[in-house]
Amino acid sequence: MAKREGSSTLNENVTKKLQSDILAGQYEPGSPLIVSELAKGFNVSVAVVREALTRLANQGLVLQNPNRGFSVKTVSEEDLKSILEARSINESAALRLSIAHGDLTWESNVIAVHHKLSQTAAFKEVNQKLAIREEWADIHRQFHYELIAACPNQVLLDICRRLWDLSEFYRHWSSSKEPTRDGHAEHKALTDAVLSRDSDRAVEIFRAHIQLTADNLIDNR
């Protein structure tokens, strides 16, 4: 990282890199995050790393211990259920608002990202096990974000994005097993309901989609 970057940009870059590494499974759940070691690896001050970890602690991806140490969040079935229940409640509300306020540009963006998602393979083989492809994971995130992008409530959108990251953390730590569900059909049905401006149908499909995700993650842990 360039040392000439402003402190705000540097802090943001370190935060994003740590967040990405945690979501990608670079650190085991519950493992310590040593500030001095991370600072050396990023070639930044310990103050920058500590601020980044504090931000991630506020997001729920990192735990800040009483002795001022940091560690990656732990995993539990109860926590996962709570996260996905919160996603169902908040994203359903954001989805209704997005459908109510979305314009033709938003519709076009939904169509475009859905097409991209449908044409991207979800899995790859790593060490004789199936793993989710990073490219697919990024597009999948874009798809769900775009569905609610027209929601005018930025606080609600921020909550939805935070909950998405927490659920993605669990997605990585579930067993690498291709689900029997038809994800393409689920995403297509959700897209069709959104574009037809059928809020009730869209929320119904979305909640079923979330429940299947919860069931798969719990069964495959």
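The values are calculated or read from the model by the stated rules, or taken from the named source; none is laboratory data. Note that the coordinates shown come from a computational prediction; the quantities given were computed from them, not determined experimentally. So basically every Cβ, Gly included, is an ideal-geometry build from the backbone, and we count neighbours across all protein chains shown. Keep in mind that these areas ignore ligands, DNA and RNA; they rest on the heavy atoms of the full protein, side chains included. Shrake-Rupley method; radii C 1.70, N 1.55, O 1.52, S 1.80 Å.
Quick check: Cα centre of the range 37-86 to Cα centre of the range 105-121, how many Å? Distance between centres, Cα-based: 32 Å.
Take every Cα pair under 8 Å whose residues are at least 6 apart in sequence, average their separation, divide by the length of the range 36-118, and the relative contact order is 11 percent. Our summary gives the chain a relative contact order of 22 percent, counting only alpha carbon pairs under 8 angstrom and 6 or more residues apart. Look at the dipole of the range 1-118 built from charges on Cβ: of I22, V48, G69, the Cα furthest out on the positive end belongs to V48. With angles folded into 0 to 90 degrees, how steeply does helix 154-173 sit against the dominant principal axis of the chain? Use alpha carbons for both and round to 10. The two axes meet at around 80 degrees. Taking every protein chain into account, the accessible area of the chain amounts to 54 square angstrom per residue (probe 1.4 Å). Is the C-alpha gyration tensor of the range 134-219 telling us rounded, prolate or oblate? Criteria: a/c under 1.5 is rounded; beyond that, a/b larger than b/c is prolate, otherwise oblate. In terms of gyration-tensor shape, oblate. Each Lys and Arg adds +1 at its Cβ and each Asp and Glu adds -1 at its Cβ; summed about the Cα centre, the chain shows a dipole of about 660 debye. Protection proxy ranking, highest mean first, for peptides 46-57, 154-165: 46-57, 154-165, where packing is the per-residue count of other beta-carbon atoms within 10 Å, averaged. Can you give me the angle between helix 77-101 and the longest principal axis of the chain, using Cα atoms only, in degrees from 0 to 90, rounded to the nearest 10? Roughly 50 degrees between the two axes.
Using a probe radius of 1.4 angstrom, the carbon and sulfur fraction of the accessible surface of the chain is 49%. Based on the Kirkwood radius over alpha-carbon pairs, what is the Stokes-Einstein translational diffusion coefficient of the chain at 37 °C with 0.692 mPa s viscosity, in µm²/s? Roughly 175 µm²/s, to the nearest whole number. The stretch between Q64 and H184 holds 39.3 nm of extra length on full extension. This uses 0.36 nm per residue minus the Cα-Cα distance. What does the C-alpha gyration tensor say about the overall shape of the range 1-132? Classify as rounded when a/c is under 1.5, otherwise prolate if a/b is larger than b/c, or oblate. Since a/c reaches 1.5 and a/b is larger than b/c, the shape of the range 1-132 is classed as prolate.
For the chain, the longest principal axis of the Cα atoms and the long axis of helix 134-147 meet at an angle of about 60 degrees.
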